[in-house]
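The structure appears below as structure tokens.
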Amino acid sequence: MSAQRACAAWTVSPAGRAGVDGQAVAAALDRLPQFRGQSGAIEPLPGGLTNRIFKVTPTSGPPVVARIAADKSALLAIDRHAECHNAEAAARAGVGPSVLYCKPAEGVTIVEWIAGRTFVPTDLDDSTQLARIAATCRRLHQGPRFANDFDMFVIQREYLAAVLEHGYRLPTRYLDFMPQTELIRAALAAQRVETVPCHNDLLAGNIMDDGDRIWFIDYEYAGNNDPCFELGNIWSESTLPPERLDELVSAYYGHLSTAKVARARLLALMSKYGWTLWASIQDAVSEVDFDFWAWGMEKYERAVAEFDGPELSRLIADAQRPDEPRGGERSD
């Protein structure tokens, strides 16, 4: 069935690019038995810095979320086939929504609708919520392995190569900090850590609360990774104070560890440094109406403050220490 014919049973709004994408969603819905022959509404949702997202409300049955992938995903180190596998694995772990349809060749993904609220950064500045998020991280990290690995040291260099090759904007002094990233990489390698399936992009907008449980959504950057990257990235993305990272590490591991906190801090620094170039690429290629450069520069300025600050050498030393509970206390 053509997209135009499939769309006849669905009200797609508004017109323009969203309408064209809505027609692609309608065509995908017609391939699912539970939606074939149905009618209802397809309407764009706010948010989404890479893709276009829609709420699908059929006349019969629960709503779902549909997403149309951005055209230039390869520049952002997104593997759509791995994403499908990883989203399904996260659903099996009880952390992500059920995947109803995922076709990388079509650029269309349809998942169950989570009836809950999306977090904002201030929600994470709370001990109770951090404990719930830590528990959800453990559930994900103990679940099925993902199809790919995620290493911000590798991805940052891939982003840098793309920026330099295409002549995209590079922040002042960016290359000056590359030697420090090598010191950080060597320090983290001193303690061998088993990778686990991580989301890797847990900004507050990718965390939802249905009143009973926490959900993680959007698995574009998911991959097997150091769990301390997950914790540090959560802390960094919501710009939380240092004591909140202590709480998150303690809730996740069951004890507060100087070495783990330092590891998470250093990986959070690499997160900011790497995502800065993600923003540079998006600034050049994205059709989304969003100031990616300002978004990236906010991260970069915080990274620069840490590279230039007095704590970096201590964190590098602490990350190489044995993983021992701080003060001999446990929180579990």
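So if I check each of 280, 250, which one is touching a Gly at 6+ places or on another chain (Cβ under 9 Å) and either surrounded by 14 or more Cβ atoms within 10 Å (Cβ to Cβ) or β-branched (Val, Ile, Thr) (or both)? I'd like the intermediate steps shown before the answer.
Working: 250 fails: touching a Gly at 6+ places or on another chain (Cβ under 9 Å).
One residue alone meets the criteria, 280.
If you go through the stretch 99-148 and keep only what is in a helix (DSSP H, G or I), of a type outside the set (D, E, K, R) and more than 16 Å from the chain's Cα centre (by Cα), you end up with 122, 127, 128, 129, 130, 131, 135.
Any idea how many residues of the stretch 189-211 are small (Gly, Ala, Ser) and under 14 Å from residue 135 (Cα atoms)?
Our first condition is that a residue be small (Gly, Ala, Ser); within the stretch 189-211, this holds for 189-190, 204-205, 211.
Restricting the remaining residues to those that are under 14 Å from residue 135 (Cα atoms) gives none.
Looking only at that region, the number is 0.
Filtering 310, 322 for residues that are over 20 Å from the mean Cα position of the chain (by Cα), free of Cβ contacts under 8 Å to residues at least 60 places away in the same chain and not in a helix (DSSP H, G or I) leaves a single hit, 310. Does residue 92 qualify as being of a type in the set (D, E, K, R), modelled with pLDDT under 85, surrounded by fewer than 15 Cβ atoms within 10 Å (Cβ to Cβ) and out of contact with any Leu (no Cβ under 9 Å at 6 or more places or on another chain)? So residue 92 fails the test. In summary, residue 208 fulfils each of the numbered conditions (1) loosely packed, with under 15 Cβ neighbours inside 10 Å; (2) in contact (Cβ under 8 Å) with a residue 60 or more places away in the chain with the single exception of condition (1). Of the residues making up the stretch 126-167, those that are buried (at least 18 other Cβ atoms within 10 Å of the Cβ) and aromatic (Phe, Trp, Tyr) are 146, 150, 159.
Scanning the stretch 18-52 for residues that are surrounded by fewer than 19 Cβ atoms within 10 Å (Cβ to Cβ), within 23 Å of residue 206 (Cβ to Cβ) and aliphatic (A, V, I, L, M) turns up 18, 45, 49. Counting only residues that are in a helix (DSSP H, G or I) and in contact (Cβ under 8 Å) with a residue 40 or more places away in the chain, the stretch 283-294 holds 5 of them. Among the residues that make up the stretch 41-51, is at least one of them modelled with pLDDT of 80 or more, under 30 Å from the mean Cα position of the chain (by Cα), closer than 27 Å to residue 279 by Cβ and aliphatic (A, V, I, L, M)? Taking every residue of the stretch 41-51 in turn, at least one turns out to be modelled with pLDDT of 80 or more, under 30 Å from the mean Cα position of the chain (by Cα), closer than 27 Å to residue 279 by Cβ and aliphatic (A, V, I, L, M).
Regarding residue 80, is this residue of a type in the set (Lys, Arg), in contact with a Cys (Cβ under 9 Å, 6 or more places away or on another chain) and within 21 Å of residue 207 (Cα to Cα)? So that I can check it myself, show each step before the final result.
On the way: of a type in the set (Lys, Arg): yes; in contact with a Cys (Cβ under 9 Å, 6 or more places away or on another chain): yes; within 21 Å of residue 207 (Cα to Cα): yes.
Against the criterion (of a type in the set (Lys, Arg), in contact with a Cys (Cβ under 9 Å, 6 or more places away or on another chain) and within 21 Å of residue 207 (Cα to Cα)), residue 80 qualifies.
Within the set 124, 140, the sole residue that is modelled with pLDDT of 95 or more, farther than 17 Å from residue 197 by Cβ and in the same structural domain as residue 233 (by TED's automatic domain parsing) turns out to be 124.
Scanning the stretch 211-225 for residues that are of a type in the set (A, V, I, L, M) and within 9 Å of the chain's Cα centre (by Cα), which turns out surrounded by the fewest Cβ atoms within 10 Å (Cβ to Cβ)? Steps first, please.
Just the residues of the stretch 211-225 that are of a type in the set (A, V, I, L, M), to begin with: 214, 217, 222.
Now drop any that are not within 9 Å of the chain's Cα centre (by Cα), which leaves 217, 222.
Details: 217: 19, 222: 27.
Of everything passing the filter in the stretch 211-225, 217 is surrounded by the fewest Cβ atoms within 10 Å (Cβ to Cβ).
Screening residue 245 with (1) closer than 25 Å to residue 194 by Cβ; (2) surrounded by fewer than 16 Cβ atoms within 10 Å (Cβ to Cβ) gives one miss only, at (2).
Number of residues in the stretch 74-103 that are closer than 22 Å to residue 282 by Cβ, among the aliphatic types (A, V, I, L, M) and touching a residue at least 24 places away in the same chain (Cβ under 8 Å) equals 6.
The values are calculated or read from the model by the stated rules, or taken from the named source; none is laboratory data. Quantities reported herein were computed from a predicted structural model and do not represent experimental measurements. Cβ atoms come from the backbone with ideal geometry, glycine included; neighbour counts cover every protein chain shown.
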